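Okay, structure first, notes after.
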Amino acid sequence: MSSPADVRELLMRSPVAGCLAPGGWDVLLPHCERRSYRRGEVLWSAGDPAEFFVLLTAGVLRLSQPTPSGRHIVAELLGAGEVSGLLATVGRTGHPFTATALVDVEAVRVPSALWSSLAVDRTQSIQEAVSRILSAFGFLAQMATSDVACRLALVLLRLRELTPASETGETWLPVTRQILADTVATTVETTIRLLCRWEDEGIVVSHHGKVCVREPGLLLEAANGKQARSPT
């Protein structure tokens, strides 16, 4: 189990570190806790009131927005060191997105009401929240208007940014084809066809529930709607 000192160190290195006076952190920290969320677990749904926000310490969190047809469009993917749920906390409103653990997630959970009552400088938290929401809406627009190949390429590139490289220097994304299919709102069969095509072109490698992007530049072309070319 993590100690209060561990949690304090994590929060002091987070985007909300300057929002509370030292005495405020002393009051808040006993109410913060490290939590584990299993893959597929929902932290909150769009429209839920802000009971807490999280600082991610490991894993990937998927933010999505439901459509009237029931489809969920991915708005953003977040990784270690990023904060989620801050916009609803600062605005004291419902969450704009549903937050789901894309893979197993570790996070520090911070109670929204207590944090809001102790915050002495909201400027930093508001800037962080606005920056996050603008980024999310940009990603959301791409995911909502792009074809499935572009959506899959965007998700793979974003996951590559969020996943630490191994000792060999390669970055293996801990996602199955089913997870990718669910994330980009397509079938597993379509996901397999795209991954196989990109494997033949030397752009990605997939193996036992993992994917490695070997040619991010060529994958970026696919994300921009261009036909990926085989590397020379």
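Just so it is clear, none of the values below were taken in a lab; they were calculated from the coordinates. What you see is a predicted model; the values in this text were computed from it and never measured. Here Cβ is always computed from backbone atoms with ideal geometry, including for glycine, and neighbour counts include all displayed protein chains.
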Next on the checklist: Per residue of the stretch 87-92, what does 6.51 cos²θ - 1.76 cosθ + 1.60 with θ = phi - 60° give for ³J(HN,Hα)? Whole Hz please, x for Gly and Pro, Karplus curve as stated.
Outcome noted: 4, 5, 5, 5, x, 6
Item to check | Sites matching GluC sites (Glu not before Pro) across the stretch 1-92 that sit in DSSP coil, with at most 15 neighbouring C-beta atoms within 10 Å | outcome: E41, E51
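Kindly put C150, C32, C196 in sequence by how many other C-beta atoms sit within 10 Å of each C-beta, fewest to most.
Working: C150 18, C32 22, C196 12.
If I rank by nearby Cβ atoms, fewest first, I get C196, C150, C32.
Determine by what factor the alpha-carbon radius of gyration of the stretch 148-223 differs from 2.2 N^0.38 Å, reporting the quotient. If you can, show how the numbers build up before the last one.
Values: Rg = 11.2 Å, N = 76, 2.2 N^0.38 = 11.4 Å.
The reported ratio for this selection is 0.98.
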Item to check | Among L220, L159, L78: highest mean-square fluctuation, GNM of the chain, C-alpha pairs under 10 Å | outcome: L220
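Using a 10 Å cut-off around each Cβ, can you sort S64, S166 from fewest to most neighbouring Cβ atoms?
Values: S64 24, S166 10.
Fewest-to-most ranking of S64, S166: S166, S64.
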Checklist entry - Once phi is turned into θ = phi - 60°, what whole-Hz ³J(HN,Hα) does the Karplus curve with 6.51, -1.76 and 1.60 give for every residue of the stretch 43-54, x standing for Gly and Pro? => result 7, 7, 9, 4, x, 5, x, 7, 8, 7, 10, 10
Checklist outcome for this item: log10 I(q)/I(0) for the stretch 68-219, Debye formula on C-alpha points only (no solvent), q = 0.08, 0.10, 0.13 Å⁻¹, two decimals, reads -0.28, -0.42, -0.68
Checklist entry - For the pair R39 and S117, what calculated FRET efficiency results from E = 1/(1 + (r/R0)^6), where r is the Cβ-Cβ distance and R0 = 41 Å, to the nearest 0.05? => result 0.75
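Counting residues in the stretch 4-145 as N, plug N into 2.2 N^0.38 Å and put the Cα Rg over that result.
On the way: Rg = 14.6 Å, N = 142, 2.2 N^0.38 = 14.5 Å.
So the stretch 4-145 has a normalised radius of gyration of 1.01.
For the chain, what is the relative contact order in percent, using Cα pairs closer than 8 Å and at least 6 residues apart in sequence? Provide the component values of the computation, followed by the final result.
Numbers: 426 pairs, mean separation 45.0, N = 232.
Contact order relative to length: 19 percent.
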Next on the checklist: On C-alpha positions alone, give me the angle between the axis of helix 148-162 and the longest principal axis of the chain, in degrees, nearest 10.
Outcome noted: 50 degrees
Checklist entry - Each residue of the stretch 201-208 in order: what ³J(HN,Hα) in whole Hz does its phi give by Karplus 6.51 cos²θ - 1.76 cosθ + 1.60, θ = phi - 60°, with x for Gly and Pro? => result 8, x, 8, 9, 9, 10, 7, 6
